[in-house]
1. What is the residue count in the stretch 335-358 for residues that are in a loop (DSSP other than H, G, I, E, B) and either β-branched (V, I, T) or open to solvent by 30 Å² or more (accessible area, probe 1.4 Å) (or both)?
2. With (1) at pLDDT 85 or above; (2) open to solvent by 10 Å² or more (accessible area, probe 1.4 Å); (3) under 22 Å from E136 (Cα atoms) as the list, and T44 as the residue in question, which single condition is left unmet?
3. Within the stretch 200-217, can you find the residues that are under 23 Å from the mean Cα position of the chain (by Cα), farther than 17 Å from A168 by Cα and either without any contact (Cβ under 8 Å) to a residue 12 or more places away in the chain or open to solvent by less than 10 Å² (accessible area, probe 1.4 Å) (or both)?
4. Go through (1) open to solvent by 10 Å² or more (accessible area, probe 1.4 Å); (2) assigned to a strand (DSSP E or B) for N441 and report which single condition fails.
5. Every residue in the stretch 534-550 that is open to solvent by less than 10 Å² (accessible area, probe 1.4 Å) and either aromatic (F, W, Y) or under 15 Å from T519 (Cβ atoms) (or both), please.
6. Going by the conditions given, is D73 acidic (D, E), touching a strand residue (DSSP E or B) at 6+ places or on another chain (Cβ under 7 Å), open to solvent by 10 Å² or more (accessible area, probe 1.4 Å) and over 17 Å from Y38 (Cα atoms)?
7. Which residues, taken from the stretch 551-589, are of a type in the set (G, A, S), open to solvent by 50 Å² or more (accessible area, probe 1.4 Å) and under 16 Å from E527 (Cβ atoms)?
8. Look at the stretch 47-102 and say how many of its residues are farther than 18 Å from N123 by Cβ and assigned to a loop (DSSP other than H, G, I, E, B).
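The values are calculated or read from the model by the stated rules, or taken from the named source; none is laboratory data. Since we're looking at a predicted model, the values are computed, not measured. Cβ: placed from backbone, ideal geometry, glycine included. Neighbour counts: every protein chain shown. Note: accessible area is taken over every heavy atom of the protein model, side chains too, but ligands, DNA and RNA are not part of it. Shrake-Rupley method; radii C 1.70, N 1.55, O 1.52, S 1.80 Å.
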Amino acid sequence: MTFNSWPARLALAGALAFVWPIMAGTANADPWDDVPGYNEVEVTNLDADDNLTAVLHEMSAFNWTSVTNHDADFNVTTVIYEESADNEVAVNNDYADANHTAVVNEESADNEVAINNDYADGNHTAVVNEESADNEVAVSNDSADDNHTAVTNHESADNEVAVSNDYADENVTWVTNHESADNEIAVSNDSADDNHTAVNNDESADNEVAVSNDYADENVTWVNNHESADNEIAVSNDSADDNHTAVNNDESADNEVAVSNDYADANHTSVINDESTDNEVAVSNDSADENLTSVTNEDSADNEVAVSNDSADDNHTVVNNDESADNEVAVSNDYADENVTWVNNEESADNEVAVSNDSADENVTSVTHEDSADNEVAVSNDYADANHTSVINDESTDNEVAVSNDSADENLTSVINEESADNEVAVSNDYADANHTAVTNEESVNNEVAVSNDYADENVTWVTNNESADNDVAVSNMDSHGNETSVTNDDSTNNAVLVSNTGSDNNGTTISNDDADHTTALVSNLESHDNDTVISNDNTSESTTVVSNNSTHGNTTEVTNDDATNTTTVVADNGTHHNVTTISNSGHGNTTVISNKG
């Protein structure tokens, strides 16, 4: 009789598994009563096809089972240990195709399972450890194609699982730890293509998962930690292309995730920490192109995220901290071009974000803090050209933003603090040309803005503090040429503006304090030439304006105090020539001082 379908063969194997002890007891007249252990079973099927092997050890200890299907096809092997301990199982299907192997350890302890499908195709392997402890499982499908491996640890502890699919294609590996603890899982798909690996830790603790797809293409890896704690996950796709990795920590704590896609292209990595705490995530796409990385911390706390795309081009990184606290995010795109980084902290607190695009060109960085507090953002685009940086603090407080574009050209920086308080913004474009910086503090209080364009040419700086209070703005264009600076404090109170164009030529400065109270504007064009300064204090009171054009020539200064009260205007053109100063005062209590000594 020949069984041509593997389900039929498995059914027969199960039947044989239960008949076997009865047959053995009849033949030996002493089945299980006096010697409940120390059983040795060895089955060998050499150069044979359509073999069925079933072994059952029930309430036994120190059992050893060996099944060999060498150079044989269409083999079905079933080994069952029920309420047994210290069992060893070895199944060898090398150089054999379409093999089906099932090993079950039920309510058993100290079990060792080794299954070898090397140089064999179309193998199916299933290992189940149910309510078992101290189990060791090793499955090898090396140099074999189209292998399917499933390992399940249900309500089990101290389980070790190792699956190897090296130099093999189209492998599927599935490992489940359900209500289990202290599990160690290692899956290797090195130098293999089109591998699918799924690891599920459900209501489990102290799980360690390592998946390696090095030198392999089109790999898919999925790891899930549901209501689990102290999980460690490492996925490696080094020197491999078109890899997809997904890690999910759902209602979990103390999880560590490391994903490496170094020297690999077109990798997609997704990490989700949902209602989780103390999570650490590290993703590396170094020397790799066209990588997409997504990290989400939702309703989570104390999360640390590090993404590295160094020496890599066209990378996209998305980090989302939604209703989360104490999150740290670090993204590095150094020596990489055309990178896109987006970080969102929504209804979150105590977030720290650091993005580095040093020595990289055409990078886009966006950081958003919505309804958030105590956020710190640092973006570095040093020695990089054509970078775009956007930072938004919407209805947020105590935010600190630092953007550096030093020694970089054609950078665009935008910082918005809307309905926010106690915000600090620092933008540096030193030794950089053609930079555009825009800072907006709308309906905000206690904001501090500092923009530096020192030793840089053709920079444009725009700062707006509309309907805001207690704002301080400082813009420095020292030893720079062709700079345009605009500061607006309309409908604001207690605002201070300092613009320095020292040692610079052809600078244009415009300051508007319309409908504002107690504003102070200071513009310094010391040792600078051909500068234009325009200051408007319309409908203001208690405003002070100081313009210094000392040791300069060809400067034009215009100050307007229309319908103003108790304003003070000072213009100093000492040691200068060919300067034009125009001051217009209408209202009452206005004071004007002009000095043209020398």
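1. 6
2. (3)
3. N201, N207, V209 - these are the residues of the stretch 200-217 that are under 23 Å from the mean Cα position of the chain (by Cα), farther than 17 Å from A168 by Cα and either without any contact (Cβ under 8 Å) to a residue 12 or more places away in the chain or open to solvent by less than 10 Å² (accessible area, probe 1.4 Å) (or both).
4. (1) is the only condition that N441 fails.
5. Within the stretch 534-550, I535, N537, T540, S543, T545, V547 qualify.
6. Spelling it out, it is not the case that D73 is acidic (D, E), touching a strand residue (DSSP E or B) at 6+ places or on another chain (Cβ under 7 Å), open to solvent by 10 Å² or more (accessible area, probe 1.4 Å) and over 17 Å from Y38 (Cα atoms).
7. Residue satisfying the conditions is S551 alone.
8. The number of residues fulfilling the criteria is 8.
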